[in-house]
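S.K.: I'd like to ask some things about the structure below.
The values are calculated or read from the model by the stated rules, or taken from the named source; none is laboratory data. If you're wondering where the values come from, they're calculated on a predicted model, not measured in any experiment. Cβ coordinates were reconstructed from backbone atoms using ideal geometry, including for glycine residues, and neighbour counts include every protein chain displayed. With ligands, DNA and RNA removed, areas are computed over all heavy atoms of the protein, side chains included. Shrake-Rupley method; radii C 1.70, N 1.55, O 1.52, S 1.80 Å.
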Amino acid sequence: MMKLFLIIMTLLNLVGCKLIQYNSDPEVRISAITLVNAPTHSDLAYIWLPTSNTGSKVLYREAFDNNVVNFSKKYNLTNLNPQAQRFFDSFIMKQGGAFNTKTGKLNLELIQTAMQYTFNNVKSAYPNINTLLVIQPQETSIKVIDGTANWNGVEQHIVTIPQKSVEFRPVISLAVQYYIPDGKNYDFEIGLDLHAPDLTDDSKYEQVIKHILSPIVLLKKEI
């Protein structure tokens, strides 16, 4: 049986066929982020911008949130996203929505005001909070070489028979802002997923989440 398997694999290799894809975890390949103030608490406040509520972005958002819930349990974080998101969404709705009806683009001035409002309300209940994490998904297309993708600080794979191959695939990244009122905000992008969102895998984005959260909360891993 093993000989037959090896013969089949050799034949596939010769004709350049590909094996089935699999959902590999994104691996962070960039240095840790360092903010001016080191984290002193484990209260996590983050929100999604309204651009995360369209198309497949909704599913990536849900998958990410599932991973944060699991990550928070593992590292003893107080996950304040549900409260923070309600403050943010409620404020936006009362102002008639986040998008300019003429241009279809985000009303950036309103978004800034909503972020400040959200931060103030969360901080009133959790005084330790000094940073609000603001996230929005970004769609782009990247080059995948020999089954390996590198973009925005992460590496991810698909399974291929060893052959020279180049293809372009759509991917999701996260645009992240550390919102610090009366301070210097820090913005960057990090890759999230080369594959379709997987709502059953609650640890797939652990490296990405750890990279994002380490600068703003203390991670006390359970024994």
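S.K.: PRO39 versus (1) open to solvent by 50 Å² or more (accessible area, probe 1.4 Å); (2) part of a loop (DSSP other than H, G, I, E, B); (3) closer than 21 Å to VAL217 by Cα; (4) modelled with pLDDT of 90 or more: which is the lone unmet condition?
M.R.: Evaluating PRO39 over (1) open to solvent by 50 Å² or more (accessible area, probe 1.4 Å); (2) part of a loop (DSSP other than H, G, I, E, B); (3) closer than 21 Å to VAL217 by Cα; (4) modelled with pLDDT of 90 or more leaves (1) as the failure.
S.K.: ILE216 - would you say it is open to solvent by less than 50 Å² (accessible area, probe 1.4 Å), in a loop (DSSP other than H, G, I, E, B) and either in contact with a Leu (Cβ under 8 Å, 6 or more places away or on another chain) or without any contact (Cβ under 8 Å) to a residue 24 or more places away in the chain (or both)?
M.R.: Yes.
S.K.: When the stretch 119-128 is examined, which residues are found to be at pLDDT 95 or above and in a loop (DSSP other than H, G, I, E, B)?
M.R.: Within the stretch 119-128, TYR126, PRO127 meet the criteria.
S.K.: Among the residues of the stretch 89-114, what is the count of those that are open to solvent by less than 60 Å² (accessible area, probe 1.4 Å) and either hydrophobic (A, V, I, L, M, F, W, C) or at positive phi (or both)?
M.R.: So the count comes out to 9.
S.K.: A further question follows. How about the stretch 51-68: which of its residues are farther than 18 Å from LEU218 by Cβ and in contact (Cβ under 8 Å) with a residue 60 or more places away in the chain?
M.R.: Across the stretch 51-68, the qualifying residues are THR51, SER52, SER56, LYS57, LEU59, TYR60, ARG61, GLU62, ALA63, PHE64, ASN66, ASN67.
S.K.: Which count do you get for residues in the stretch 131-156 that are open to solvent by 60 Å² or more (accessible area, probe 1.4 Å) and touching a His at 6+ places or on another chain (Cβ under 9 Å)?
M.R.: 0
S.K.: Continuing with this model, one more query. Across the stretch 68-77, what is the total count of residues that are part of a helix (DSSP H, G or I) and crowded, with 19+ Cβ neighbours inside 10 Å? If you could, list the steps in order and put the result at the bottom.
M.R.: In the first step, residues of the stretch 68-77 are kept if they are part of a helix (DSSP H, G or I); the result is 68-74.
Applying the additional criterion that residues be crowded, with 19+ Cβ neighbours inside 10 Å yields 68, 71-72.
Counting residues in the stretch 68-77 that are part of a helix (DSSP H, G or I) and crowded, with 19+ Cβ neighbours inside 10 Å gives 3.
S.K.: Another question, then. Could you give every pair whose Cβ atoms fall below 7 Å, whose first residue belongs to the stretch 177-201 and is open to solvent by 40 Å² or more (accessible area, probe 1.4 Å), and whose second residue is hydroxyl-bearing (Ser, Thr, Tyr), counting only separations of at least 6 or pairs across chains?
M.R.: Within 7 Å, the pairs are ILE180/THR131; ASN185/TYR178; ASN185/TYR179; TYR186/TYR178; GLU189/SER173.
S.K.: Among (1) more than 22 Å from LEU213 (Cβ to Cβ); (2) modelled with pLDDT of 95 or more, there is one condition GLU109 misses while meeting the rest; what is its number?
M.R.: (2)
S.K.: Shifting gears a bit: From the residues in the stretch 73-86 that are free of Cβ contacts under 8 Å to residues at least 40 places away in the same chain and within 15 Å of ILE129 (Cβ to Cβ), which one is nearest to the chain's Cα centre (by Cα)?
M.R.: That would be ASN81.
S.K.: Ok, one more. In the set ARG86, ARG61, which member is part of a helix (DSSP H, G or I), charged (D, E, K, R) and surrounded by 17 or more Cβ atoms within 10 Å (Cβ to Cβ)?
M.R.: Every option except ARG61 fails the conditions.
S.K.: Go through the stretch 93-118 and report how many residues are of a type in the set (S, T, N, Q), within 24 Å of the chain's Cα centre (by Cα) and part of a loop (DSSP other than H, G, I, E, B).
M.R.: Counting residues in the stretch 93-118 that are of a type in the set (S, T, N, Q), within 24 Å of the chain's Cα centre (by Cα) and part of a loop (DSSP other than H, G, I, E, B) gives 1.
S.K.: May I ask you to say which residue of SER52, SER56 is within 21 Å of GLU139 (Cβ to Cβ), surrounded by fewer than 17 Cβ atoms within 10 Å (Cβ to Cβ), of a type in the set (Gly, Ala, Ser) and within 14 Å of the chain's Cα centre (by Cα)?
M.R.: Exactly one of SER52, SER56 is within 21 Å of GLU139 (Cβ to Cβ), surrounded by fewer than 17 Cβ atoms within 10 Å (Cβ to Cβ), of a type in the set (Gly, Ala, Ser) and within 14 Å of the chain's Cα centre (by Cα), namely SER56.
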